[in-house]
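Let me begin by presenting the structure, written as structure tokens, before commenting on it.
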Amino acid sequence: MSTNSPDNDKSVDLTRREALGVAAGALLMATSTSDAQAVQGPASAFTLPPLPYADNALEPVISAQTLSFHYGKHHRGYVDNLNKLVAGTAFAGQSLEQIIAATSGKADHVGTYNNAAQIWNHTFYWRSLKPAGGGEPPEALKARIVASFGSVDACRKELAAAAAGQFGSGWAWLVEDGGKLAVVKTGNADSPLTKGQKPLLTIDVWEHAYYLDYQNRRADHVSALIDKLLNWEFALDNLGKRS
Ligand code: MN3
């Protein structure tokens, strides 16, 4: 199960590096046996990607305090959890997308799915926002939005309604689905990736995303986020990608 071609490639690479005298720690990191992990601890396969802006860059809609907890505790926690969960399993060395696809809906892999999806969702969420965002989408995206929703304002309203209306924790998304743009919501860690939809941007509506700043006023938070922080250029970039 753990012997696959990527591991074999690594072994070849490892032998070359060994010949070059690479540090023992790096060798242990690249070795896939459980003995190595017992010595080294879990291989740090997943790392917390850097935030694309400073902690205070999204104020006043998202305070530096919210951002530092959300990124530094919650997002980091999912990374740490996933690294522990996949250590010594067939998932070690796989991409987040591969893990999400392989564990979605599998009762015996709920924790792995939730943590992998939450890492992916949060990395995508940070990039869905930017300082001085909101406003009008770029023309190429605007044309697609108008074709699918009738107007940019109708799209904004549908996104706001999905974000405000998601019961409990979850996410509101702008996606491309079957050639059309659509707004969808997902519960907890769930991802449109598992439904064959292409995510374009997302809004985190877990309470940790807004409670310090807006308490129970999720709709007010979502409205301010859409008007002032939404990164339409990121959505256009994603739309251009081939799935
Ligand atoms: Mn969150």
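For beta carbons closer than 9 Å, sequence separation of 6+ or different chains, a first residue in region 127-147 that is without any contact (Cβ under 8 Å) to a residue 40 or more places away in the chain and a second that is assigned to a strand (DSSP E or B), the qualifying pairs are Ile145/Leu174; Ile145/Leu181; Ala147/Lys180; Ala147/Leu181. Take the residues in region 171-213 that are buried (at least 21 other Cβ atoms within 10 Å of the Cβ) and among the small types (Gly, Ala, Ser), then tell me which one is nearest to Thr66 (Cα to Cα). So the residue we want is Ala209. Among the residues of region 214-243, those identified as modelled with pLDDT of 95 or more and part of a loop (DSSP other than H, G, I, E, B) are Leu229, Asn231. Out of Leu82, Leu141, Leu58, one residue alone is surrounded by 15 or more Cβ atoms within 10 Å (Cβ to Cβ) and in contact with a strand residue (DSSP E or B) (Cβ under 7 Å, 6 or more places away or on another chain). It is Leu58. Every test in (1) modelled with pLDDT of 95 or more; (2) within 16 Å of the ligand (Cβ to nearest atom); (3) not hydrophobic (A, V, I, L, M, F, W, C) is passed by Tyr211 save one, and that test is (1). Among the residues of region 108-117, not a single one is outside the structural domain of Pro199 (by TED's automatic domain parsing), away from the ligand (no atom under 16 Å from the Cβ) and not in a helix (DSSP H, G or I). Among the residues making up region 46-95, those that are part of a loop (DSSP other than H, G, I, E, B) and of a type in the set (D, E, K, R) are Asp55, Glu59. Answer with yes or no whether Ala45 is modelled with pLDDT under 95 and either assigned by TED's automatic domain parsing to the domain that holds Ser151 or within 18 Å of the chain's Cα centre (by Cα) (or both). So Ala45 passes the test. For region 120-130, indicate whether the set of residues that are more than 16 Å from the ligand (Cβ to nearest atom), of a type in the set (S, T, N, Q), surrounded by 11 or more Cβ atoms within 10 Å (Cβ to Cβ) and not assigned by TED's automatic domain parsing to the domain that holds Lys180 is non-empty. Looking for residues that are more than 16 Å from the ligand (Cβ to nearest atom), of a type in the set (S, T, N, Q), surrounded by 11 or more Cβ atoms within 10 Å (Cβ to Cβ) and not assigned by TED's automatic domain parsing to the domain that holds Lys180, one finds none in region 120-130, hence no. Counting only residues that are under 20 Å from the mean Cα position of the chain (by Cα), surrounded by fewer than 16 Cβ atoms within 10 Å (Cβ to Cβ) and of a type in the set (S, T, N, Q), region 148-170 holds 1 of them. Candidates are the residues of region 64-77 that are of a type in the set (S, T, N, Q) and surrounded by fewer than 17 Cβ atoms within 10 Å (Cβ to Cβ); the one that is farthest from Ala224 (Cα to Cα) is Ser68. Within this structure, Val184 passes the test of being touching a strand residue (DSSP E or B) at 6+ places or on another chain (Cβ under 7 Å), assigned to a strand (DSSP E or B) and over 13 Å from Asn121 (Cα atoms). Of these, Arg127, Arg144, Arg76, which one is closer than 29 Å to Ala54 by Cβ, of a type in the set (Lys, Arg) and touching a helix residue (DSSP H, G or I) at 6+ places or on another chain (Cβ under 8 Å)? Of the residues listed, the single one that is closer than 29 Å to Ala54 by Cβ, of a type in the set (Lys, Arg) and touching a helix residue (DSSP H, G or I) at 6+ places or on another chain (Cβ under 8 Å) is Arg127. Among the residues making up region 60-84, those that are more than 11 Å from the ligand (Cβ to nearest atom) and within 27 Å of Val110 (Cβ to Cβ) are Gly72, Arg76, Val79, Asp80, Asn81, Leu82, Asn83, Lys84.
Here is the figure for region 143-170: residues that are part of a helix (DSSP H, G or I) and farther than 16 Å from Ala209 by Cα total 16.
The values are calculated or read from the model by the stated rules, or taken from the named source; none is laboratory data. Values in this document were obtained by computation on a predicted structure and should not be read as measured data. We place every Cβ from the backbone using ideal geometry, glycine too, and count neighbours over all the protein chains shown.
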